[in-house]
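Working notes, structure below.
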Amino acid sequence: MHIPDATVARLPVYLRCLAMRTGTGTCSSEDLARTAGVNAAQVRKDLSLVGAQGVRGVGYEVNALRAEIRQALGLTHDFPVVIVGAGNLGRALASYGGFGEWGFSIAAILDVDARRIGGAIGGTTVQALTDLETVVDERDIEIGIIATPSSQAQAVGERLAAAGVRSILNFAPTVVRVDEAEVRVVDLSTELQILAYHLQKSALEQ
């Protein structure tokens with residue numbers, strides 16, 4: 001069954017909300033809706049698309065629901081990740097300890113700066129960008145993260161795709177277009193500008 005993109009975007013939120021619950025037991029759509037910031041009808045519709053069926057008056061069995069959402073998201077095995085760029089952002093991402101909980105492991109960190117190559121970040125040694133193709137092949141890397149300056153991002157995206165990486169998360173403040181891979185963008189400056197707009201709008205409405 002096809003799952004709409006909007007639903008796919010909400011599923012990780014539901015999974016995070018379920019992870020916040022202590023113990024096992026059941027969870028109602030109303031409880032999940034309050035935590036996720038959506039309405040209960042939307043929760044029930046989204047969960048029905050992944051095959052989850054709650055019991056009226058009882059709700060969803062938490063462990064079963066977690067498994068169904070993980071299955072729908074493809075989180076059925078660990079995904080090795082390569083980070084390209086060992087600057088401040090790359091270091092922060094590599095040092096974040098929460099990826100493992102969701103099945104993502106930092107398998108490699110690459111950079112072009114000789115001063116960074118050979119150093120360790122979060123237990124992973126920084127390697128030269130020239131090793132990219134070998135690293136992707138030998139470590140079966142499926143996901144790449146671009147944390148480079150914008151001027152290098154497109155070329156890095158193309159190299160990742162050519163090496164066989166099919167999913168790319170781009171943190172560089174520029175558009176990266178690669179036909180052979182799915183590219184998702186995390187643009188922090190854009191998100192801050194949107195927040196500024198809402199702050200201004202709220203101030204004008206007061």
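For E101, all conditions in the list (1) surrounded by fewer than 14 Cβ atoms within 10 Å (Cβ to Cβ); (2) assigned by TED's automatic domain parsing to the domain that holds A161; (3) in contact with a strand residue (DSSP E or B) (Cβ under 8 Å, 6 or more places away or on another chain) hold save one; what is the number of the exception? Every condition holds for E101 apart from (3). Applying the condition of being aliphatic (A, V, I, L, M) and surrounded by 15 or more Cβ atoms within 10 Å (Cβ to Cβ) to region 41-56 and asking which residue is farthest from the chain's Cα centre (by Cα) yields A52.
Need pairs with beta-carbon distance below 6 Å; first residue at pLDDT 95 or above and within region 129-145, second among the polar types (S, T, N, Q); sequence gap 6+ or separate chains. The qualifying pairs are I143/S167.
Consider region 50-105 and keep the residues that are closer than 26 Å to D31 by Cβ and touching an Asp or Glu at 6+ places or on another chain (Cβ under 8 Å). The one that is modelled with the lowest pLDDT is G103.
Can you give me the ranges of the strands (runs of 3 or more DSSP E) entirely in region 58-133 with at least 3 residues that are under 15 Å from the mean Cα position of the chain (by Cα)? Spell out how you get there, then give the answer.
Values: elements: 79-84, 104-111, 124-128.
Output list reads 79-84, 104-111.
Tell me, yes or no, whether region 179-188 has at least one residue that is of a type in the set (K, R), modelled with pLDDT of 95 or more and in the same structural domain as G87 (by TED's automatic domain parsing).
Of all residues in region 179-188, those of a type in the set (K, R) come to 184.
Filter once more, keeping what is modelled with pLDDT of 95 or more: none.
Looking through region 179-188, none of the residues is of a type in the set (K, R), modelled with pLDDT of 95 or more and in the same structural domain as G87 (by TED's automatic domain parsing).
The values are calculated or read from the model by the stated rules, or taken from the named source; none is laboratory data. These figures come from a predicted structure and were not determined experimentally. With ideal geometry, Cβ positions are generated from the backbone for all residues, glycine too; neighbour counts draw on all protein chains shown.
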